[in-house]
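In what follows, a single structure is set out as structure tokens and then discussed.
The values are calculated or read from the model by the stated rules, or taken from the named source; none is laboratory data. On a predicted model such as this, the values are computed, not experimentally measured, just so you know. So basically every Cβ, Gly included, is an ideal-geometry build from the backbone, and we count neighbours across all protein chains shown. With ligands, DNA and RNA removed, areas are computed over all heavy atoms of the protein, side chains included. Shrake-Rupley method; radii C 1.70, N 1.55, O 1.52, S 1.80 Å.
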Amino acid sequence: MNNRPDPNQKEKRNHPTGEPNDNNNPSPFATPGAQRLWLFLGFIVILMFLFMFSNSGRSSGSQISLNELGAAARQGDVASVIERGSTELEIVFKDGVRRMAYKSPGTDLMDLLGYTDISKAPFEYKAEPGDNSQAIILNILLFALPTFVLIWFLWRMMRSMRNGQDQALNFGRSRARVSRDMERPQVTFADVAGADEAKEELKEIVEFLREPEKFLRLGARVPKGVLMVGPPGTGKTLMARAVAGEAGVPFFSISGSEFVEMFVGVGASRVRDLFERAKAEAPAIIFVDEIDAVGRQRGAGLGGGHDEREQTLNQILVEMDGFENDTNLIIIAATNRPDILDPALMRPGRFDRKVMMDNPDIKGRADILKVHTRGKPLSSDVDVESIAKVTAGFSGADLENLVNEAAILAARRGKKSVGMSEMQEGMERVVMGPERRSRVISPQEKRQIAYHEAGHAIVAHMLEHGNSIHKITIVSRGGALGYVMPLPPENQFLMSRDEMEADITVSMGGRAAEEVIYQRFFSGASSDLQNATRTARTMVTRLGMSEKLGPRAYGSNNGPVFLGREFGEVRDYSEHFAQEIDEEVNQILGHAYQQAKNIVIQHRATIERLVEVLMERETLDSHEFLQIINEVAAAQSAN
């Protein structure tokens, strides 16, 4: 059952009428200020109507002129006249009708009617104190309301003009976030694991900021800039925050994209303002994240040209070159694209030191896992070292995500601690994505997937240079219908030709099993063929592993950079060599496929047994996999 809320229903809940507002016709009550203004104006209008209706109710809805009043009095139709205040007259006729008349203030009523003596008037006369408050208030409202509205609009106009001027004046100011004293990042080197060499490099920066005299006494010049280079997720920003936390100095942080605006000169102005602010609080650290957004090589892109980004870069170069030795100001930048940075930015005197932040090795991964599992309840079966062994190629961010996914799974299952099963599941979610057990797969296709994965596993196990098998599964996860998880060797940085050919052969194992068992091919080997072809072509064109073509690199990616990417391979070889490259790639792929096919034919009984167990259990770990291989081998030797 799908419990996800309907977005249409959610939208209707936000509108009492069930109909959403039209974005193209915004409501006049959109802002709180406008709401208050409209409420106030509505209140004033209601008051005006109340005064007008109350006044008209008292006057019985009819009026007569003074001439008409005099004529009616002389005819004897008026019973009484009541004078209220100096202007208002209430006339009561003999037939009971009440009417109103008004005169100018200060004039005598009897003189107006032609009677010199009140006692001789043919009607009763009364004089009462008048209440002109309603008329006064009504007049005030009628005259004050337009004046108030005019003043309000003038005030709003002047305020918007002042805000616009303030924004224009502040547009060139730096948007860097500064942390001082208690606001300083409370991250230290103890919170950063898996980058011991980088920490050693940056400890010198911290020591200079703490004790600059120690270096200046010996005439040493501390690097003005430190460029941290590494793949995404390796902890470059975290390392910069740790430097600030260790040094105890103001920390200015900004992203490279925050310098550049659509208005010319704004980026350069922000750079000047940033360095002025930092110099005023020196010793200090300026951290520029993703500096490749503003430090890309000048002249790249369509037309090259002199644009706003290049002006900003020029100002950065000037500011960094203008540092004095006693400034005590250090700039740290981070990027994962050092190949596109401008050479002037990389020369000594600007970014003097480059700190590499690579993906951690097995020891670094174990240390990172210990940092991220600190404070989390772990079961006794959790082995951090074994997790670090099977997570080769993981970055620090991947390992953090692994631990977080494991904690979420444990909470979802109602456990009070995180176990090894959750850690394993979290690792697979990071690599392949969540399980998709709801995907409906027919038994026939499920068996085909089992043969495919069993072929990969047997070929990898039987090859001399193949990797050990950590897990086999036919449970769909992410975009894969099944997969084999190898156990890579520890801390391997170089690969031989035999090992690369073994990888290609393992990639061919699934397709070879399909041909041997079904005598036809399926579409499941698409990604395997792509990986195998890419590896074979790299061997021939980049690594010089072809005996026929010799130790030479064919083609390069050092072409012009456009928008952070190369146009493509620059071909520096003839069509003759292009044909020979294709032949060599085909020869490597063909040899690997034939080798995989021979292994599958030779160990078909083991594959059949693996498929039967996979159809029953769906997943096998390394111990179960080796146990099945040994059982089949023992049965064959007994026969």
Q | Which listed residue, of ALA392, ALA457, ALA397, ALA406, is touching a residue at least 24 places away in the same chain (Cβ under 8 Å) and open to solvent by less than 20 Å² (accessible area, probe 1.4 Å) | A | ALA457
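For every residue, the table says whether it meets (1) closer than 16 Å to GLY235 by Cα; (2) under 24 Å from the mean Cα position of the chain (by Cα); (3) not in a loop (DSSP other than H, G, I, E, B).
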residue	(1), (2), (3)
VAL355	yes, no, yes
SER380	no, no, no
ASN401	yes, yes, yes
GLU425	no, no, yes
Q) Just a yes or no: is a residue in region 554-562 modelled with pLDDT of 90 or more and closer than 26 Å to ASP498 by Cβ? A) no
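For every residue, the table says whether it meets (1) free of Cβ contacts under 8 Å to residues at least 40 places away in the same chain; (2) touching a His at 6+ places or on another chain (Cβ under 7 Å); (3) surrounded by fewer than 18 Cβ atoms within 10 Å (Cβ to Cβ).
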| position | (1), (2), (3) |
| --- | --- |
| GLU200 | yes, no, yes |
| LEU216 | no, no, yes |
| GLY219 | yes, no, yes |
| LYS236 | no, no, no |
Q | Residue count, region 223-232 (criterion: crowded, with 18+ Cβ neighbours inside 10 Å and part of a loop (DSSP other than H, G, I, E, B)) | A | 3
(Q) Condition first: within 43 Å of the chain's Cα centre (by Cα) and either free of Cβ contacts under 8 Å to residues at least 12 places away in the same chain or crowded, with 18+ Cβ neighbours inside 10 Å (or both). Now tell me which residues in region 513-526 satisfy that. (A) PHE521, SER523, GLY524, ALA525, SER526
Q: Scan region 357-378 for residues that are open to solvent by 20 Å² or more (accessible area, probe 1.4 Å), in contact with a helix residue (DSSP H, G or I) (Cβ under 7 Å, 6 or more places away or on another chain) and part of a loop (DSSP other than H, G, I, E, B) and jot them down.
A: LYS376
(Q) Among (1) under 26 Å from the mean Cα position of the chain (by Cα); (2) within 20 Å of GLU197 (Cα to Cα), there is one condition ALA392 misses while meeting the rest; what is its number? (A) (1)
**Q.** Within region 345-356, considering residues that are of a type in the set (D, E, K, R) and in contact (Cβ under 8 Å) with a residue 60 or more places away in the chain, the one surrounded by the most Cβ atoms within 10 Å (Cβ to Cβ)
**A.** ARG350
**Q.** Failed condition for VAL475, given (1) open to solvent by less than 40 Å² (accessible area, probe 1.4 Å); (2) over 34 Å from the mean Cα position of the chain (by Cα)
**A.** (2)
Q. Is at least one residue of region 590-598 aliphatic (A, V, I, L, M) and more than 13 Å from ILE458 (Cα to Cα)?
A. yes
(Q) Could you go through region 489-496 and let me know if any residue there is touching a Gly at 6+ places or on another chain (Cβ under 6 Å), farther than 19 Å from ILE599 by Cβ and at pLDDT below 85. (A) no
Q) What are the pairs, 6+ residues apart or on separate chains, where a residue within region 614-634 that is without any contact (Cβ under 8 Å) to a residue 60 or more places away in the chain has its Cβ under 7 Å from a residue that is open to solvent by less than 40 Å² (accessible area, probe 1.4 Å) and among the hydrophobic types (A, V, I, L, M, F, W, C)? A) ILE628/LEU610; ILE628/VAL613
Q) So is SER421 of a type in the set (Ser, Thr, Tyr), surrounded by fewer than 21 Cβ atoms within 10 Å (Cβ to Cβ) and either touching a residue at least 24 places away in the same chain (Cβ under 8 Å) or under 30 Å from VAL288 (Cα atoms) (or both) or not? A) no
Q | Selected residue [crowded, with 19+ Cβ neighbours inside 10 Å, at negative phi and in a helix (DSSP H, G or I)] from GLY466, GLY510 | A | GLY510
